[in-house]
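The values are calculated or read from the model by the stated rules, or taken from the named source; none is laboratory data. Everything numeric in this text was worked out from a predicted model, so none of it was measured. Cβ placement follows ideal geometry from the backbone for every residue including glycine, while neighbour counts extend to all protein chains displayed.
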Amino acid sequence: MRIAVVADGEGGGWIQELDGSAGPVHRVSDLAGAVRSAEGEGGLPPTAGGSGSPGPEAPRWVWSASEDVYPDLVRAGTRVSRCHDVALTEALLLGHEVRHAEPHSLGAAWARLHDRPVPEDPARPLGEGTAAQPALFGADRSTLPPGTDRLAALVEVHEDQRRRLAALPDRARMELLAAVESAGGLAAAEMSHDGLPLRPGVHDEVLTELLGPRPPAGQRPAVLADLAARVSDAVGRDVNPDSPAQVLKAMAWIGHPVSSTRSWELERVDHPVVPLLLRYKELSRLHSANGWAWLETWVRERPGPDGLRLGRFQPDYVVGGVVSGRWATRGGGALQIPRAIRRAVRADPGWVLVRADAGQLEPRVLAAVSGDAALAAAAAEEDLYARLADQVGGDRERAKIGVLSAMYGQTSGDAAPLLATMRRLYPRALEYVDAAARVGEGGGIVRSWLGRTSPAPTDWQARTAGPDGERRRRAHGRFTRNFVVQASAAEWALVMLAALRQGLPELPEGAGIVFFVHDEVVLHVPRECADATVRAVAEAETRTRTTLFGDTPVRFPLSTTVTDSYDER
């Protein structure tokens, strides 16, 4: 059953059943309560305006965008199993039509249907709508013209999207992709609300240990100030290490000119200032990205037992924020938590973290999507690289380089002979990525396993003309070569996330999935629920594998651990 939902911005809204012919419109004063009731009963309850249609299966909620509607429901204690996110689905469909740059909001989709000017997608301020910076019942972001019946527009666009999906040659796969992308929107809102458990006191200890005591606003921490002074002493003149222009001048002054201040380029210089600059860069990034200001902005603190300071890191996730389908964030840096800060990520007293990490995911995905029997046999092992090492003199690291060279198109240095070995041993897998590279070099597009589409290069003829044309062609070929693997791996992770959401045992409020990044998921659960959660993770992996690839010999082993701290394995 599908039920369309539009919020009124004041806690109420409108809902309408869509299966078969559209049912009557229900005006509700408590939208969260109505959704919660229908979620539990499998349909809308009877009302004075018409008979309900309860059923055994949870509804699929249809709304303009999960990030606009669902956070309010979650804050009100209502969670749903499934949804159809119009904005995320429109983005997938536009991408499939190689129209990635076009707006994908409900208003944009409706405008295209009615041949009207298409509005730009709404800007979303940093962190708005997250539990860290709540925006209760925020403004309508559908970008529909004033006075438009929003529920009718939602229903119309939803029906059009279902028609477009049904008309695709890869219909089943794209419908699955739209479903799990929408499930990702639900998971993102829930994770942002629940938050990753983080101890503010431990975070402060880490920063003080590495940077010194918290300085007054606008000043460097003591360790950074000392490093800055030592940089100047090593150069023999005043240098602000925060200024790339001054660092470049300083390097030229000491007789070691460099073209940039990137770490890899500085590391090639043999001079006493280089270790100081590298350490300054590392600690300065920690201070700016995950320092005391970050803690105040992104972590909600509350008192725990015996005066213990407990907190929740609540980032603002962007589902499908990268063209490959990987997620991004609008702030908080959730996808790049430094190793030092992981020490502060700890379970609440009496609770544990359940970490599940899919190691070697991309080469396993390549084995599955290419149908290469030999690579699939290697991927049936716990350590794929160790199995491949037998083919390259027993050197596991060389085997890893060979696999990565195949996926990323590296051909220089030691990669070239390894790539030749890979082509001999795994011809179908290599032809799969080689074919994608050839399409990219020709300016074409490629698709992931479920149908996510790579963007076409803009102004291709002009860009590939002249002396740099060959370099640009090869660069785009490397992009499409990796896209078919990375985007398919992102789909594996999405299906896994969706399966895990639906397969978890009954947990208390606030327990469940609290962190997700590429190929890793972290759950926060009471200690007594740990074993059942681990079983749910294993079952979700099996369901993911069979949903995507059927009866494949490829295995996707998860390294699952139960721990009190994120930095423990």
Is it true that residue 493 is closer than 17 Å to residue 449 by Cα, surrounded by 15 or more Cβ atoms within 10 Å (Cβ to Cβ), at pLDDT 95 or above and within 24 Å of the chain's Cα centre (by Cα)? yes
Where residue 187 falls short, out of the listed (1) of a type outside the set (S, T, N, Q); (2) at pLDDT below 95; (3) part of a helix (DSSP H, G or I): (2)
Picking from 232, 192, which residue would you name as being touching a Pro at 6+ places or on another chain (Cβ under 7 Å), hydroxyl-bearing (Ser, Thr, Tyr) and assigned to a helix (DSSP H, G or I)? 192
Filter region 235-250 for residues that are in contact with a helix residue (DSSP H, G or I) (Cβ under 8 Å, 6 or more places away or on another chain) and closer than 19 Å to residue 284 by Cβ and give the result. 235, 238, 239, 240, 241, 242, 247, 250
Being touching a residue at least 60 places away in the same chain (Cβ under 8 Å), assigned to a helix (DSSP H, G or I) and buried (at least 17 other Cβ atoms within 10 Å of the Cβ): is that true of residue 388 here? no
Among the residues that make up region 497-504, is at least one of them among the basic types (Lys, Arg) and out of contact with any strand residue (DSSP E or B) (no Cβ under 9 Å at 6 or more places or on another chain)? no
For residue 424, state whether it is in contact with a strand residue (DSSP E or B) (Cβ under 6 Å, 6 or more places away or on another chain) and either at negative phi or at pLDDT below 95 (or both). no
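The rows are residues; the columns are (1) more than 30 Å from residue 393 (Cα to Cα); (2) of a type in the set (S, T, N, Q).
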site	(1), (2)
430	no, no
449	yes, no
484	no, no
488	yes, yes
500	yes, no
503	yes, no
515	yes, no
Among the residues of region 431-475, which ones are closer than 27 Å to residue 89 by Cβ, β-branched (Val, Ile, Thr) and free of Cβ contacts under 8 Å to residues at least 40 places away in the same chain? 446, 458
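Quick grid of which residues meet (1) surrounded by 19 or more Cβ atoms within 10 Å (Cβ to Cβ); (2) in a helix (DSSP H, G or I):
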residue	(1), (2)
368	yes, yes
374	no, yes
377	no, yes
381	no, no
394	no, no
402	yes, yes
430	yes, yes
449	yes, no
Selection status of residue 52, at positive phi, in a loop (DSSP other than H, G, I, E, B) and at pLDDT below 95: no
